[in-house]
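This is the structure, below, for whatever I ask next.
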Amino acid sequence: MLDFNTVYIMAYRQIKRFFRARSRVIGSILNPVMWLIFFGLGWSSLFKAPMAKIMFYGLDYMSYLAPGVLMMTIFMSSFIGGVTVIWDKEFGYLKEVLVAPVSRTASIIGRALGETLTAMLQGVAILIAVLLIAPLLNPLGAPLALAVGLLVALSFTSMGITIASRMKSMEGFHMLVNLIMLPLVFLSGAIYPIDNMPLWMKGIAYVNPLTYGVDLARWLLTGVSQMDPVFDLTLLLVLTAVMIAIASYAFNKATIE
């Protein structure tokens with residue numbers, strides 16, 4: 001049976017750690033805001049022609065981009081959150097967790113939930129911003145879009161923890177995560193439609209889990225979808241369950257040398 005007290009303590013620790021790192025809080029908000037301002041507003045001026053709206057399924061570019069930036073913010077924050085596992089390895093805290101008389105599964109689920117909630121706090125801040133600057137977004141879809149973000153965050157937090165559990169240095173983790181993260185963002189439909197990609201790139205985009213989170217969030221906020229929203233949701237639910245199971249297995253097998 002899952003130890004909910006351990007889950008709560010680990011989740012609380014991750015949230016408290018996040019707010020103590022003020023540079024991380026500020027950076028996590030400013031980074032997507034800069035995407036919206038310099039990328040969104042900049043490119044919006046180039047896509048004002050009626051033919052350009054056809055490419056973005058009847059949306060202006062800012063309204064098309066906004067759900068993608070929301071999911072990108074949640075994804076990046078949650079994925080890179082796995083680095084805290086390596087920090088705990090270096091400073092000895094992870095050894096205390098591994099030898100403590102509590103369930104490792106509860107510990108890792110609590111850690112994942114904590115990182116997920118910090119990613120969601122950033123997502124809420126960005127969602128408020130995009131609702132103010134993107135004219136065609138539906139505010140009524142915002143709560144469900146955040147629920148989609150929760151699944152994305154939990155999936156990629158678990159993935160980041162799995163990777164970090166197998167690595168020994170923060171430098172190596174950041175190098176690998178950055179190598180994975182940018183292609184996932186650009187091949188998710190967050191910035192430009194998948195339909196306009198080369199055929200080989202489309203194949204990669206359709207096996208990218210983030211694609212389905214972006215597509216579902218865009219459907220909830222704008223009514224535009226490139227795929228079946230029910231399929232998007234089903235895949236995200238399955239992915240979340242699988243990634244939590246993999247992270248739990250990896251953490252249960254982790255050792256401190």
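For region 203-232, what are the residues that are among the hydrophobic types (A, V, I, L, M, F, W, C) and outside any helix (DSSP H, G or I)?
Within region 203-232, V207, V224, M227 qualify.
I need a count of the residues in region 132-156 that are in contact (Cβ under 8 Å) with a residue 24 or more places away in the chain, assigned to a helix (DSSP H, G or I), over 14 Å from the mean Cα position of the chain (by Cα) and closer than 16 Å to V224 by Cβ.
Here the count works out to 3.
Moving to a separate point now. Pick out the one residue from L30, L36, L46 that is at pLDDT 70 or above, surrounded by fewer than 17 Cβ atoms within 10 Å (Cβ to Cβ) and over 13 Å from P193 (Cα atoms).
Exactly one residue qualifies, and that residue is L30.
Now, a different point. Checking the structure you have, find out if any residue of region 167-177 is of a type in the set (A, V, I, L, M), modelled with pLDDT of 90 or more and part of a helix (DSSP H, G or I).
No, every residue in region 167-177 fails to be of a type in the set (A, V, I, L, M), modelled with pLDDT of 90 or more and part of a helix (DSSP H, G or I).
Criterion first (at pLDDT 90 or above, of a type in the set (S, T, Y), in contact with a Leu (Cβ under 9 Å, 6 or more places away or on another chain) and surrounded by 20 or more Cβ atoms within 10 Å (Cβ to Cβ)) does S107 satisfy it?
No, not satisfied.
Would you mind finding the one in L179, L221, L146, L151 that is under 21 Å from W35 (Cβ atoms), of a type outside the set (D, E) and surrounded by 20 or more Cβ atoms within 10 Å (Cβ to Cβ)?
Selected residue: L221, the only one of L179, L221, L146, L151 that is under 21 Å from W35 (Cβ atoms), of a type outside the set (D, E) and surrounded by 20 or more Cβ atoms within 10 Å (Cβ to Cβ).
For region 178-202, which residues satisfy the criterion of being in a helix (DSSP H, G or I) and more than 19 Å from G82 (Cβ to Cβ)?
F186, I194, D195, N196, L199, W200, M201, K202
For S169, are the conditions met, namely being in contact (Cβ under 8 Å) with a residue 40 or more places away in the chain, within 21 Å of Y64 (Cβ to Cβ) and either of a type outside the set (A, V, I, L, M, F, W, C) or surrounded by fewer than 16 Cβ atoms within 10 Å (Cβ to Cβ) (or both)?
So S169 does not fit the description; no.
Are any residues in region 119-137 modelled with pLDDT of 85 or more and touching a Ser or Thr at 6+ places or on another chain (Cβ under 7 Å), and if so, which ones?
A119, Q122, G123, I126, L137
Give just the number: which of (1) of a type in the set (G, A, S); (2) modelled with pLDDT of 90 or more; (3) surrounded by fewer than 21 Cβ atoms within 10 Å (Cβ to Cβ) does G213 not satisfy?
Answer for G213: the failing condition is (3).
Got at least one residue in region 233-255 being part of a helix (DSSP H, G or I), more than 26 Å from S165 (Cα to Cα) and in contact (Cβ under 8 Å) with a residue 24 or more places away in the chain?
Scanning region 233-255, I find at least one residue that is part of a helix (DSSP H, G or I), more than 26 Å from S165 (Cα to Cα) and in contact (Cβ under 8 Å) with a residue 24 or more places away in the chain, so the answer is yes.
Identify the single condition in (1) within 19 Å of the chain's Cα centre (by Cα); (2) in contact (Cβ under 8 Å) with a residue 60 or more places away in the chain; (3) more than 23 Å from A250 (Cα to Cα) that V177 does not satisfy, given that it satisfies every other one.
(3)
The values are calculated or read from the model by the stated rules, or taken from the named source; none is laboratory data. A quick note: this is a predicted structure, and the numbers were derived from the prediction, not measured. Note that we place each Cβ from the backbone using ideal geometry, even for glycine, and neighbour counts take in every protein chain shown.
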